[in-house]
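Asker: This structure is in C-alpha cells; I'll ask about it shortly.
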Amino acid sequence: MLAVAGCASSPRHEPVSLVSSAPASTPGKGAYYKDDGPGANAPANLAAIPDAIPKAEPLNRFANRPYQALGRDYVPMTQPAPFRQSGIGSWYGRRYHGAKTSSGEIYDMYAMTAAHPTLPIPSYARVTNPANGRSVVVRVNDRGPFLADRIVDLSYVAAWKLGYVDAGSARVELESILPGRPVPAAAATPAFAPAPVPSATVAAEAKGVYLQLGAFSSQEGADNFRVRIYRDLAWLSDTIQIVPAGTFYRLHLGPYRSLDEARPVADRIQAELSLRPVIVSK
C-alpha cells in the first residue's frame, strides 16, 4: 500500500507518495520508497554544504492558507512564533528533486530545506537528532509530512547531516528560529542556573539494572549527550556512566536494584524527552 503526503506538491492538489513512509524496494532496508533515494550525482562533499541562514522574509501568499490532506484539516501559522516539537523526522530525495514545492520554489535535495505541516512558509528551524547530538538549521519551504507519527520531512542533505539517511527516519527535536533573534543552540542552556553536572565516569559496571540512553562512536559524543541529559532533566540525580563496548561508548543510567525500580525512571524520561531508554540487566 502507498502512504501519501504533500511534499513537493501544493496542498491544493492530490498528495503524492511520502519518501520514507512505506517499505523500501529491498525488504528490511526501510530507507526510502521505491524510486526515491539518494541522487546519482551527489556533491563531492555534503558536509561542506552550509546550514540555512535565517533572515526575515515576506510570507508566501498562498502556502499559508488552511488546507486539507488525507482527511485532516491543517491551519498554518500566519507569522513566525516560538514553536518546539518532538517526533519522527523523515526525508525526501531524487523523486522530488527539481519539482515544485508548496511555496512554488523548486525542490533541491542538496539544499538545507524542510517540509512541515503548519510552520510559516518560508521560515527557519533548528532540527536536532538527540541520538547523536547532531543539529542543522533548515529553511521551511514545503508542506508535509502528513502521517500521524511524523513531524518534518528534511531534504536529503539535511537528513544526511543528522545521520539518518540509511534508516529513512529518526526521532528528532525541532525548534523554530525567529527573525532577528539568536539562533537557538543545539543544546540550549536553560535561563536558570542548572545544577552542576557530575563528572563523567568511564569504567566497568557493578551488577544491577541499567537504563541505556544511547550509544556513540566517540567518548566526546557520549559525554556531550550525557551533559545534555542532566541539563534537560533537572530532577535526575542518578549516575550516568560512559561504558566502552567495542567501538562504541554507551551511556548507562543506574544501577537500579530491580526492573520495577528502573521502569518508572524510564517512563519519565520517555515522557519528557521522547527518548525510550533500553533496559539492560547485568
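Every read-out reported here was derived from the displayed coordinates using simple, explicitly stated rules and does not represent laboratory data. Just so it is clear, the model here is predicted, and its values are computed rather than measured. Here the Cβ is made from the backbone with ideal geometry for all residues, glycine too, and neighbour counts use every protein chain on show.
Asker: Using Cα pairs under 8 angstrom and six or more residues apart, how large is the relative contact order of the stretch 127-179, in percent?
Answerer: Details: 43 pairs, mean separation 25.9, N = 53.
Reported as a whole number, the value is 49 percent.
Asker: Oh, and also: Excluding Ser123 itself, what net charge comes from residues whose Cβ is under 10 Å from its Cβ, given Lys and Arg +1 and Asp and Glu -1?
Answerer: Details: positive: Arg139; negative: Glu57.
Value of the local net charge: 0.
Asker: Quick check on the exposure proxy: order Trp235, Trp160, Trp91 from fewest to most C-beta atoms within 10 angstrom. Numbers along the way, then the final one.
Answerer: On the way: Trp235 8, Trp160 22, Trp91 33.
The fewest-first ordering by Cβ neighbours comes to Trp235, Trp160, Trp91.
Asker: Next question. With just the Cα atoms defining each centre, how far is the stretch 70-106 from the stretch 211-259? Give it in Å.
Answerer: 33 Å
Asker: How would you order 92-102, 143-153, 265-275, 214-224 from highest to lowest mean count of nearby Cβ atoms within 10 Å? Kindly include the intermediate steps, with their values, before the conclusion.
Answerer: Details: 92-102: 21.0, 143-153: 23.0, 265-275: 15.4, 214-224: 17.0.
Taking the mean over residues of other Cβ atoms within 10 Å, the ranking is 143-153, 92-102, 214-224, 265-275.
Asker: Follow-up. If the only charges are +1 at each Lys and Arg Cβ and -1 at each Asp and Glu Cβ, what is the size of the charge dipole of the stretch 201-281 around the Cα centre, to the nearest 20 debye?
Answerer: Result for the stretch 201-281 is approximately 60 debye, rounded to the nearest 20.
Asker: Local charge sum around Ile151 (other residues, Cβ-Cβ under 10 Å, Lys/Arg +1, Asp/Glu -1)? All intermediate terms of the calculation are to be shown ahead of the outcome.
Answerer: Working: positive: Arg150, Arg171; negative: Asp149, Asp153, Glu173.
So the environment of Ile151 carries a net charge of -1.
Asker: Using Cβ contacts closer than 10 Å as the measure, can you line up Met77, Met109 from fewest to most?
Answerer: Numbers: Met77 16, Met109 27.
With the fewest neighbours first, Met77, Met109 line up as Met77, Met109.
Asker: Need one word for the stretch 201-281: rounded, prolate or oblate. Basis is the Cα gyration tensor (sqrt eigenvalues a ≥ b ≥ c); a/c below 1.5 gives rounded, then a/b vs b/c decides.
Answerer: Taking the square roots of the gyration eigenvalues as a ≥ b ≥ c, the stretch 201-281 is oblate.
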